[in-house]
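Readers should treat all values here as calculations from the given coordinates under stated rules, not as data from a laboratory. Because the structure is a prediction, the values reported are computed rather than measured. Please note: Cβ atoms are built from the backbone with ideal geometry, for glycine as well, and neighbour counts cover all protein chains shown.
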Amino acid sequence: MLLLGRHLAHEHIVAGLATALRAGALTADAVALEARKAAQAEEEPAAAEVQTQRPTAGPGASVTFLHEWKLNHLPPDTGPLPSVTHYDQLLRHRRADGGDVREGEAP
């Protein structure tokens with residue numbers, strides 16, 4: 001939060017805090033996202049016009065959390081499932097008589 005002041009104006013950070021607080025999102029990610037939205041709306045006049053047409057953030061306002069956004073935009077995992085068979089082999093010790101040594105037994 002403290003580092004946001006290096007990149008964003010004070011009024012944008014305050015707007016981000018207010019929006020996140022109204023939405024009930026009390027995380028630094030939510031404040032940073034809302035502060036950046038406020039800064040972007042000021043820089044882009046077309047976006048500001050669209051922003052004014054939307055209803056103001058009230059008690060039911062939704063805020064997108066950064067970690068949720070990242071999870072929703074991950075590519076599908078197509079890799080093989082991990083295998084632990086090589087670890088299972090390390091756990092099986094052979095007895096001289098051919099039986100397995102189990103946990104808690106003396107070899």
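Which order do the peptides 81-88, 66-73, 5-12 come out in when sorted by mean C-beta neighbours inside 10 angstrom, highest first?
Working: 81-88: 6.9, 66-73: 9.9, 5-12: 12.9.
So the order, starting with the most tightly packed, is 5-12, 66-73, 81-88.
Quote the FRET efficiency, to the nearest 0.05, computed for GLU11 versus SER62 with a Förster distance R0 of 35 Å and r equal to the Cβ-Cβ distance.
It comes to 0.95.
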